[in-house]
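Notes follow the structure.
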Amino acid sequence: MPEVIGTIDDLRNRLGETRDRAAMVGGDTRVVLIPTMGALHDGHMALIRRAKQLGDIVFVSIFVNPLQFGVGEDLDRYPRTLDADLHALAAEGVPFVFAPSAREMYPAGTNDTRVVAGPVGSLYEGAARPGHFDGMLTVVAKLLNIVMPDAAVFGQKDAQQVFLVQSMVADLNVRVAIEVVPTVRETSGLALSSRNRNLDPAELEAAAALYAGLTKAQLAAADGPQAALAAAHAIIDAQPLVKLDYLVVVHPQTYRSVEPDYRGPARMLVAAIVGSTRLIDNFSLDLA
């Protein structure tokens, strides 16, 4: 089983010891961090496998970060499955898990100093969940400062999150490489998510409309962003159990909505409520 480390001091001490031992035998001392909120699934395992290719010292963090949950959101409902997570990580050969308490991360109960996500942080997921990305960036910044990894691995499913993390790292000159792993999907195409376990069978079937809509958009992309949006809407809007929040085509370098006459690379972002569960997904588009 992985060694579970609960405090920042213990983590730093253990990391120093591990790096020293690796250096003594001429091993790789590159440290790779995979930040998670637990409830691990095959998507997380893909991140871990990529991390093991990038370095030999792999740390997984498991922390349900209260700063990124707003009033009325599902902080208390968010699944906490540490025992199962540890068994899954053991099967992947992960040696260390950083699983701090909220008090360890926020001794005063909160952080007066926070990272602000900027204008893009108030769009899309940020509009639906005010303050979410400020909380996410704050805890990612803390984890990067605590672990000081050479690389950190994130999943493409959370595309806006990835964009904001990359922006923070560039803007604040953080010495870490951000590695992005493609979205892992269920057989229906639905993006794997810890929240999928909240869907009943009918909702799971309905949620596959998100992937189907994105696929149709990709096929229609050669005719421009409006054609891509129309193709996705035709599929998603026809599913009564899916309540669409947003569907937008953004420029990959700015994450702002593209103009109707835009041509070039883009990304379609979608969010919807299925039952009581919020789901997100995204696809790259080539608007030729």
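For the reader, a short list of remarks on this structure follows.
- Looking across the stretch 190-204, the residues that are open to solvent by 30 Å² or more (accessible area, probe 1.4 Å) and modelled with pLDDT under 95 come down to ARG195, ARG197, ASN198.
- Evaluation of PHE59 against the conditions (1) assigned to a helix (DSSP H, G or I); (2) farther than 19 Å from ARG195 by Cβ; (3) touching a residue at least 60 places away in the same chain (Cβ under 8 Å) shows that the sole unmet condition is (1).
- Scanning the stretch 190-212 for residues that are part of a helix (DSSP H, G or I), in contact with a helix residue (DSSP H, G or I) (Cβ under 8 Å, 6 or more places away or on another chain) and over 24 Å from ILE34 (Cα atoms) returns LEU204, ALA207, ALA209, LEU210, ALA212.
- Taken over the stretch 12-58, residues that are of a type in the set (A, V, I, L, M) and surrounded by fewer than 20 Cβ atoms within 10 Å (Cβ to Cβ) amount to 8.
- Cβ-Cβ contacts under 6 Å between residues 6 or more apart (or on different chains), taken from a first residue in the stretch 243-257 that is in the same structural domain as SER276 (by the TED database) to a second residue that is assigned to a loop (DSSP other than H, G, I, E, B) and not acidic (Asp, Glu), are listed as TYR246/TYR124; VAL249/VAL258; HIS251/VAL258.
- Within the stretch 276-288, if we keep just the residues that are of a type outside the set (A, V, I, L, M), at pLDDT 95 or above and more than 16 Å from the chain's Cα centre (by Cα), the residue that is most open to solvent (accessible area, probe 1.4 Å) turns out to be ASP286.
- Qualifying positions in the stretch 228-248 - among the hydrophobic types (A, V, I, L, M, F, W, C) and surrounded by 15 or more Cβ atoms within 10 Å (Cβ to Cβ): ALA228, LEU229, ALA231, ALA232, ILE235, ILE236, LEU241, VAL242, LEU244, LEU247, VAL248
- Filter pass, PRO265 being assigned to a loop (DSSP other than H, G, I, E, B), open to solvent by 70 Å² or more (accessible area, probe 1.4 Å) and either of a type in the set (A, V, I, L, M) or at pLDDT 95 or above (or both): no
The values are calculated or read from the model by the stated rules, or taken from the named source; none is laboratory data. Values in this document were obtained by computation on a predicted structure and should not be read as measured data. Ideal geometry is used to build each Cβ from the backbone, glycine not excepted, and the neighbour counts take in all protein chains shown. Just the protein is used for accessible areas: all its heavy atoms, side chains included, with ligands, DNA and RNA removed. Shrake-Rupley method; radii C 1.70, N 1.55, O 1.52, S 1.80 Å.
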